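Notes follow the structure.
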Amino acid sequence: MKAMILAAGRGERMRPLTDHTPKPLLQAGGKPLIVWHIERLVRAGITDLVINHAHLGAQIEQALGDGSQFGANIHYSDEGTALETAGGIAFALPLLGNEPFVVVNGDIYCDYDFSRLLARAEQMQHSEDTVHLVLVGNPEHNAKGDFILQGNRVIPESPAESCIPNPASRILTFSGIGLYRPSLFALMRRGAKAPLAPLLREQIALDRVSGEHHQGIWVDVGTPQRLDELDKQLRAPQNGRHD
């Protein structure tokens, strides 16, 4: 199985830190954010990686090289100008193969065990599902959440559900980690900008999206303050390294 790490964003909320350094190369706990992902993916046995980039992308290639220093094989998808999430995945599709692949936001920190997705990918091959989402509890900056998880299915939101919550359902936040069939992006025009959320909601409406609730550590490193807090957390001896 292959994985794609999204690293093309400008990181406007992280300025001025991202004026001269691409966001995924910002450090927490002594290593770049993107390296935490690479190391976890490799430990899970996922070593064929694709990294997209746009803003200061040459720095990413210089820092990570061909991936051999991590035990990985890295290919790069140079977008020039960022194509948003779905557009970036579609642009990189020739590098991702014909099997379900993992996509990870490069600007999060998460202790998720990627090996869980190997079995999920096998299940996806024998179902109509096109997407599997890893969801997390709602942080303060996204208190209303993104998607409804009922059992292991991500279901559409309805007015009834928003007024009378189903005890078996939980409204959770998308972690930025997902498993996708390549066919989901195959009909998109390569090089066009396209967000991911509308595509996900379309598949949810068709009942083709499974999900799980990750209850471990997850941080959306969206501001300098959150980066600083994560760095202190990872460096605290009593908290361990979480690697």
| So which of Y76, Y109 is without any contact (Cβ under 8 Å) to a residue 60 or more places away in the chain and either under 17 Å from the mean Cα position of the chain (by Cα) or under 18 Å from V221 (Cβ atoms) (or both)? | Y76
| task | Please work out if V104 is within 22 Å of V134 (Cβ to Cβ) and touching a His at 6+ places or on another chain (Cβ under 6 Å). | result | yes
| request: Report, by residue number, each residue of region 36-57 that is in contact with a strand residue (DSSP E or B) (Cβ under 9 Å, 6 or more places away or on another chain), free of Cβ contacts under 8 Å to residues at least 40 places away in the same chain and of a type in the set (A, V, I, L, M, F, W, C). | output: I38, V42
| query | Quick check: anything in region 43-63 buried (at least 17 other Cβ atoms within 10 Å of the Cβ), at negative phi and basic (K, R)? | reply | no
| Test set (1) more than 15 Å from the chain's Cα centre (by Cα); (2) of a type in the set (G, A, S); (3) assigned to a loop (DSSP other than H, G, I, E, B); (4) modelled with pLDDT under 90 - G191 fails condition number | (4)
| request: Kindly provide the set of residues from region 149-159 that are assigned to a helix (DSSP H, G or I) and of a type in the set (D, E, K, R), ordered by number. | output: none
| remark: Scanning region 197-225 residue by residue, those buried (at least 21 other Cβ atoms within 10 Å of the Cβ) and either part of a loop (DSSP other than H, G, I, E, B) or without any contact (Cβ under 8 Å) to a residue 40 or more places away in the chain (or both) turn out to be V221
| field | Residue, nearest to A8 (Cα to Cα), within region 189-220, restricted to residues that are of a type in the set (A, V, I, L, M) and touching a strand residue (DSSP E or B) at 6+ places or on another chain (Cβ under 6 Å) | value | V219
| Checklist (1) more than 25 Å from L117 (Cβ to Cβ); (2) touching a Pro at 6+ places or on another chain (Cβ under 8 Å); (3) among the β-branched types (V, I, T) applied to I60, failing item | (1)
| request: Please find, within region 1-33, the residue that is nearest to H55 (Cα to Cα) out of those that are among the aliphatic types (A, V, I, L, M) and touching a Lys or Arg at 6+ places or on another chain (Cβ under 9 Å). | output: A7
| said: Can you find, within region 149-174, the residue that is surrounded by the most Cβ atoms within 10 Å (Cβ to Cβ) among those that are at pLDDT below 90 and of a type in the set (S, T, N, Q)? | reply: S169
| message | So, restricting to strands (runs of 3 or more DSSP E) that lie completely within region 96-148, which ones have at least 3 residues that are under 18 Å from L200 (Cα atoms) and modelled with pLDDT of 95 or more? | response | 101-105, 131-136
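The values are calculated or read from the model by the stated rules, or taken from the named source; none is laboratory data. Keep in mind that what you see is a predicted model, and the values were worked out from it rather than measured. Ideal geometry is used to build each Cβ from the backbone, glycine not excepted, and the neighbour counts take in all protein chains shown.
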